[in-house]
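Structure first, then comments.
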Amino acid sequence: EVRFVESGGGLVQAGGSLRLSCAASGLTFGDYAIGWFRQAPGKEREGVLCISASDGRTDYADSVKGRFTATKNNAKKTVDLQMNSLKPEDTAVYYCAANTMRRRCDAMRVYEYDYWGQGTQVTVSS
């Protein structure tokens with residue numbers, strides 16, 4: 001079965017950094033759009049970034065642009081998320097996911113993504 005496993009979450013003070021990792025198995029990682037999403041308490045799940053398979057372009061949500069950076073390794077089937085200058089509003093459960101119907105990123109609609117990890121909690125204190 002296809003499986004995504006996130007790790008690296010934790011508690012950090014505002015302004016600090018955290019690095020999340022996602023390891024995938026059971027699929028050809030480089031063939032599909034890969035996204036990071038997050039869901040804060042009481043909020044809808046939202047897209048953080050998406051990496052297109054077609055050209056490797058990474059699109060970031062405005063809320064994280066300039067602070068978050070994703071790196072993907074197709075051979076190892078991993079994608080990491082370096083988060084810098086963290087803010088309390090970044091507090092959420094973070095998920096990695098694959099859209100097997102797309103190679104390029106478009107609007108990050110949650111319902112378009114087929115496979116999801118279990119999520120890892122990121123808590124940023126003020």
- Message: Could you tell me how many of the residues in the stretch 43-65 are at pLDDT 95 or above, open to solvent by 30 Å² or more (accessible area, probe 1.4 Å) and either in a strand (DSSP E or B) or of a type in the set (Gly, Ala, Ser) (or both)?
- Response: 5
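Suppose we keep only residues that are among the hydrophobic types (A, V, I, L, M, F, W, C) and closer than 12 Å to Arg38 by Cβ within the stretch 91-115. Which one would you say is surrounded by the fewest Cβ atoms within 10 Å (Cβ to Cβ)? I'd like the intermediate steps shown before the answer.
Initially, the stretch 91-115 is screened for residues among the hydrophobic types (A, V, I, L, M, F, W, C), giving 92-93, 96-98, 101, 105, 107-108, 110.
In the following step, the residues that additionally are closer than 12 Å to Arg38 by Cβ were identified as 92-93, 96-97, 108, 110.
On the way: Ala92: 22, Val93: 18, Cys96: 29, Ala97: 25, Met108: 21, Val110: 15.
Restricting to residues being among the hydrophobic types (A, V, I, L, M, F, W, C) and closer than 12 Å to Arg38 by Cβ, the top hit is Val110.
If I go through the stretch 66-90 residue by residue, how many of them are more than 26 Å from Phe29 (Cα to Cα) and surrounded by 19 or more Cβ atoms within 10 Å (Cβ to Cβ)? It would help to see each step written out before you state the result.
Step one: filter the stretch 66-90 for residues more than 26 Å from Phe29 (Cα to Cα), giving 85-90.
Now narrow it down to the ones that are surrounded by 19 or more Cβ atoms within 10 Å (Cβ to Cβ): 86, 90.
Number of matching residues: 2.
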- Task: Sort out which residues of the stretch 62-95 are hydrophobic (A, V, I, L, M, F, W, C) and farther than 20 Å from Gly16 by Cβ, and write them in order of number.
- Result: Ala75, Val79
- Message: Scan the stretch 99-116 and tell me whether some residue there is among the small types (Gly, Ala, Ser) and under 22 Å from Val5 (Cα atoms).
- Response: no
- Task: Output yes when any residue across the stretch 71-80 is under 14 Å from Trp116 (Cα atoms) and hydrophobic (A, V, I, L, M, F, W, C), and no when none is.
- Result: yes
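Of the residues that make up the stretch 92-105, is at least one assigned to a loop (DSSP other than H, G, I, E, B) and closer than 13 Å to Val122 by Cβ? I'd like the intermediate steps shown before the answer.
Quick first cut of the stretch 92-105, residues assigned to a loop (DSSP other than H, G, I, E, B) only: 100-105.
Now drop any that are not closer than 13 Å to Val122 by Cβ, which leaves none.
Within the stretch 92-105, none of the residues are assigned to a loop (DSSP other than H, G, I, E, B) and closer than 13 Å to Val122 by Cβ.
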- Could you list, in sequence order, the residues of the stretch 106-126 that are in a strand (DSSP E or B) and small (Gly, Ala, Ser)? Ser125
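Which members of the stretch 10-42 meet the condition of being within 12 Å of the chain's Cα centre (by Cα) and not in a strand (DSSP E or B)?
Initially, the stretch 10-42 is screened for residues within 12 Å of the chain's Cα centre (by Cα), giving 19-23, 33-39.
Of everything in the stretch 10-42, nothing turns out to be within 12 Å of the chain's Cα centre (by Cα) and not in a strand (DSSP E or B).
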- Query: So which residues in the stretch 1-22 are open to solvent by less than 50 Å² (accessible area, probe 1.4 Å) and closer than 19 Å to Thr78 by Cβ?
  - Reply: Val2, Phe4, Glu6, Gly8, Gly9, Gly10, Leu18, Leu20, Ser21, Cys22
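The values are calculated or read from the model by the stated rules, or taken from the named source; none is laboratory data. Keep in mind the model is a prediction, meaning the values are calculated, not measured. Methodologically, a virtual Cβ is constructed for each residue, glycine included, from the backbone with ideal geometry; neighbour enumeration extends over all protein chains shown. Protein only, heavy atoms only, side chains kept; ligands, DNA and RNA dropped before computing areas. Shrake-Rupley method; radii C 1.70, N 1.55, O 1.52, S 1.80 Å.
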